[in-house]
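Take a look at the structure set out below.
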Amino acid sequence: MFRYFGSKASTASLVADLALDGMGLATAADAFGGLGNIGAEFKKRGCAVTTCDVLSFPNAFQHVRISCMSEPDFSYLKRKLGVSHNNELLMQLNNTVSTSPWFVREYSSKRAFFTAGNAAKIGGAWRQIGIWKKMQWINLNEEKYLVASLLNSMDSVANTAGTYYAYLKEWDRKSLRNFSFQWFDGVTDGIPGTAVQADALSYLSGKSFDVLYLDPPYNNRDYSRYYHLPETLAKLKPVKIDGASKSGLPLVRPSEGKEIRDAMKLPYLLELINSVCWSRLVLQYADGAYISICDLEKALSQLGSLRIHQVSALGYQSTNGTRQQVHHVFVIDK
């Protein structure tokens with residue numbers, strides 16, 4: 001699974017237990033959806049889920065996991081290509097090598113994010129998906145499924161330590177494996193939900209949910225820059241690269257950074273909480289993050305009946321092993 005800052009994969013089941021205890025079938029909003037781990041867990045348990053994210057590439061993962069009910073059929077695309085099975089599409093995506101040099105030049109020759117062979121295959125698959133979209137041979141579900149599949153497959157051979165803000169000085173063992181485009185195994189059983197690419201405050205304001213789940217950014221990292229490459233690829237449009245950027249950032253910098261940084265601050269969170277009609281609020285937060293646990297507890301205790309739980313979470317692996325974190329899960333009932 002794609003490696004992502006703040007992924008809640010290790011705590012999703014426990015947090016869903018706490019969030020949905022006694023709720024029955026519920027409507028739930030995941031305001032900072034990330035890769036959709038919490039939203040997918042809610043969906044499995046019968047919730048009608050709405051997720052938000054300001055970036056394109058997390059939205060692709062969320063769409064597959066929250067909105068899709070099954071793997072896309074690609075019926076129109078297959079008819080246009082004269083093929084019968086999805087595996088034939090997979091073969092075409094794996095056998096297409098980029099004739100456009102920009103991806104190989106920028107992210108292999110100049111910057112060692114990928115081996116030359118892998119970069120050519122990734123660029124080829126990306127270009128092919130873009131052509132299918134331009135020809136209107138794929139619908140929205142199919143586009144998001146293709147994008148999530150490409151990014152997930154690409155990340156498994158990336159020469160990085162987990163983000164795309166820098167590449168490793170030496171080729172990592174996984175980066176020397178051959179790239180293979182594989183379908184993203186992320187479609188989740190349950191009621192089809194809604195995955196929205198939008199600021200949570202702008203989209204959720206005025207709406208009603210049984211459960212409002214918040215997992216705000218823990219620090220001021222600009223996700224749009226740390227994950228600039230998957231974000232660029234998710235948009236399926238070529239961009240000009242800043243030649244002076246060591247990480248290959250687009251010449252025109254992403255504009256979502258301010259929204260991401262605003263979302264980590266307590267005033268934004270309180271405005272969001274007060275703008276949504278909810279029966280239960282669940283906020284997950286880590287020790288040592290931007291907002292102090294004491295300040296959070298003080299603010300949230302004024303909103304209703306407050307219970308605080310602690311769960312152990314897995315962080316990123318380092319040379320010293322897997323990092324452990326303590327997450328505080330605040331549950332407030334009106």
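Determine whether segment 202-210 contains at least one residue that is hydroxyl-bearing (Ser, Thr, Tyr), buried (at least 20 other Cβ atoms within 10 Å of the Cβ), touching a residue at least 12 places away in the same chain (Cβ under 8 Å) and not in a loop (DSSP other than H, G, I, E, B).
No, segment 202-210 has no match at all.
Working carefully through the options SER149, SER98, find the one that is modelled with pLDDT under 95 and under 19 Å from LYS237 (Cα atoms).
Step by step, each of SER149, SER98 is checked, and only SER98 is modelled with pLDDT under 95 and under 19 Å from LYS237 (Cα atoms).
Would you call TRP126 of a type in the set (Phe, Trp, Tyr) and assigned to a loop (DSSP other than H, G, I, E, B)?
Criteria not met by TRP126.
Tell me which residues, restricted to segment 33-43, are without any contact (Cβ under 8 Å) to a residue 40 or more places away in the chain and assigned to a loop (DSSP other than H, G, I, E, B).
Once the filter is applied, which keeps residues that are without any contact (Cβ under 8 Å) to a residue 40 or more places away in the chain and assigned to a loop (DSSP other than H, G, I, E, B), segment 33-43 yields only LEU35.
Filter segment 49-86 down to residues that are over 20 Å from PHE2 (Cα atoms) and touching a Gly at 6+ places or on another chain (Cβ under 8 Å) and give me whichever is surrounded by the fewest Cβ atoms within 10 Å (Cβ to Cβ).
THR50
If LEU93 satisfies every condition in (1) closer than 16 Å to LYS144 by Cβ; (2) assigned by TED's automatic domain parsing to the domain that holds ALA313 but one, which is the exception?
(2)
Going through segment 95-120 one residue at a time, which ones are touching a helix residue (DSSP H, G or I) at 6+ places or on another chain (Cβ under 9 Å) and in a loop (DSSP other than H, G, I, E, B)?
If the condition is that a residue be touching a helix residue (DSSP H, G or I) at 6+ places or on another chain (Cβ under 9 Å) and in a loop (DSSP other than H, G, I, E, B), then THR96, VAL97, SER98, THR99, SER100, PRO101, ALA112, PHE113, PHE114, THR115 are the ones that fit.
If LEU89 satisfies every condition in (1) surrounded by 17 or more Cβ atoms within 10 Å (Cβ to Cβ); (2) under 27 Å from LYS207 (Cα atoms) but one, which is the exception?
Going through the list (1) surrounded by 17 or more Cβ atoms within 10 Å (Cβ to Cβ); (2) under 27 Å from LYS207 (Cα atoms), LEU89 breaks only (2).
Suppose we filter GLY24, GLY46 for residues that are surrounded by fewer than 17 Cβ atoms within 10 Å (Cβ to Cβ), touching a residue at least 60 places away in the same chain (Cβ under 8 Å) and either of a type outside the set (Val, Ile, Thr) or assigned by TED's automatic domain parsing to the domain that holds GLU271 (or both); which single one remains?
Just one listed residue meets the conditions, GLY46.
Residue-by-condition table, conditions (1) out of contact with any Pro (no Cβ under 9 Å at 6 or more places or on another chain); (2) modelled with pLDDT of 95 or more; (3) more than 17 Å from PRO217 (Cα to Cα); (4) part of a helix (DSSP H, G or I):
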| residue | (1), (2), (3), (4) |
| --- | --- |
| PRO267 | yes, no, no, yes |
| ASN274 | yes, yes, yes, yes |
| GLY288 | yes, no, no, no |
| ALA299 | yes, yes, yes, yes |
| GLN302 | yes, yes, yes, no |
| LEU306 | yes, yes, yes, no |
| LEU314 | yes, no, no, no |
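Tell me the residue from GLU106, GLU142 that is touching a Gly at 6+ places or on another chain (Cβ under 6 Å), surrounded by 14 or more Cβ atoms within 10 Å (Cβ to Cβ) and under 29 Å from GLN197 (Cα atoms), please.
Every option except GLU106 fails the conditions.
Out of everything in segment 57-94 that is among the small types (Gly, Ala, Ser) and outside any loop (DSSP other than H, G, I, E, B), what residue ends up being farthest from the chain's Cα centre (by Cα)?
Selected residue: SER75.
Could you list, in sequence order, the residues of segment 183-201 that are buried (at least 17 other Cβ atoms within 10 Å of the Cβ), over 14 Å from the mean Cα position of the chain (by Cα) and not in a loop (DSSP other than H, G, I, E, B)?
Of everything in segment 183-201, those that are buried (at least 17 other Cβ atoms within 10 Å of the Cβ), over 14 Å from the mean Cα position of the chain (by Cα) and not in a loop (DSSP other than H, G, I, E, B) turn out to be ALA200, LEU201.
Could you tell me whether segment 137-150 includes any residue that is free of Cβ contacts under 8 Å to residues at least 24 places away in the same chain and of a type in the set (Gly, Ala, Ser)?
No - not one qualifying residue is present in segment 137-150.
The values are calculated or read from the model by the stated rules, or taken from the named source; none is laboratory data. Just so it is clear, the structure is predicted and the values come from calculations on it, not from any experiment. Note that each Cβ is placed from the backbone with ideal geometry, even for glycine, and that neighbours are counted across all protein chains shown.
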